[in-house]
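To start, the structure under review is shown below, and the notes come after it.
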Amino acid sequence: MTEQTPLQQKELLLIKADYLARYGMEMDDWTAITMLDNQVQFDKMNMQLLANLRENKRLSETFKGSIKQIHFGSKPEAFRYGFGRSLPYAVCALILGIFFYIYMSTYKDYENLKDTVRSYRNVTSYEYLISQGGIDKG
């Protein structure tokens with residue numbers, strides 16, 4: 001068996017005595033050592049849990065002070081408030097959507113024109129004919 005401090009031996013004797021008082025049976029040394037080790041680990045876990053609970057309570061109090069609650073008298077009033085809060089974002093999205101549509105339509109027109117010029121390389125030679133020409137129905 002390993003060297004034990006007098007405090008540990010006292011705790012082991014207390015564990016054995018408590019077990020004997022509860023169940024009327026004597027506990028062996030190894031079981032008492034295991035129970036003492038478990039008790040020490042549970043005490044550490046309990047300390048950590050209490051520290052976490054204190055921190056949680058402190059943070060909870062911090063959040064309670066920083067959250068602003070808004071109460072409305074009616075549903076239309078709440079709707080107008082929500083609409084007013086989201087209106088700037090909706091307008092920005094609409095404007096960006098319009099700009100994107102204009103850009104894409106202009107880009108497609110440009111691409112079609114570029115394809116036409118690429119297909120007919122000598123179109124500049126016939127520019128006058130195309131702009132001033134007419135159709136003869138001969």
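What follows draws every value from the coordinates through simple rules; no lab data is involved. For clarity, every value in this text was computed on a predicted model and none was experimentally measured. For neighbour counting, all protein chains shown are included, and Cβ atoms are generated from backbone atoms with ideal geometry for every residue, glycine included.
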Discussion item. Could you derive backbone 3J(HN,Hα) for segment 76-92 from the dihedral phi with the Karplus parameters 6.51, -1.76 and 1.60 (θ = phi - 60°), listing whole Hz in sequence and x where the residue is Gly or Pro?
Written reply: x, 5, 5, 4, 4, 5, x, 5, x, 6, 9, 4, x, 5, 5, 5, 4
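Across the chain, where is the longest run that never hits chymotrypsin sites (Phe, Trp or Tyr not before Pro) in a DSSP loop with at most 13 other C-beta atoms within 10 Å? All intermediate terms of the calculation are to be shown ahead of the outcome.
Numbers: sites that count: PHE72, TYR120.
Answer from the scan: 1-71.
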Worksheet item: For the chain, how many pairs of lysine residues have a Cα-Cα distance under 26 Å, where the two are 8 or more positions apart or belong to different chains?
Response: 5
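Can you pull out the trypsin sites (Lys or Arg not before Pro) in segment 56-138 that DSSP calls coil and that have at most 16 other Cβ atoms within 10 Å? Show your work: numbers first, answer last.
Details: sites: LYS57, ARG58, LYS64, LYS68, ARG80, ARG85, LYS108, LYS114, ARG118, ARG121, LYS137; in loops: LYS68, LYS137.
Qualifying residues, ordered by number: LYS68, LYS137.
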Worksheet item: Say we join alpha carbon atoms closer than 10 Å with springs in a Gaussian network model of the chain; which of THR106, THR31, THR124 then has the biggest fluctuation?
Response: THR124
Practice prompt. Could you point to the label whose value was computed as percent of Cα pairs over 22 Å apart for the structure here, given (i) 77; (ii) 34; (iii) 55?
Written response: (i)
Discussion item. Quick check on segment 1-52: what are the equivalent-ellipsoid semi-axes from the Cα gyration tensor, as sqrt(5λ), descending, whole Å?
Written reply: 23, 15, 9
Response to the item:
A correct Karplus calculation of ³J(HN,Hα) over segment 37-51, with 6.51 cos²θ - 1.76 cosθ + 1.60, θ = phi - 60°, whole Hz and x for Gly and Pro, returns 4, 4, 5, 4, 5, 5, 5, 5, 5, 5, 5, 5, 5, 5, 5
Item to complete: Report the local net charge at GLU11: Lys and Arg +1, Asp and Glu -1, summed over other residues whose C-beta lies under 12 Å from its C-beta.
Response: -1
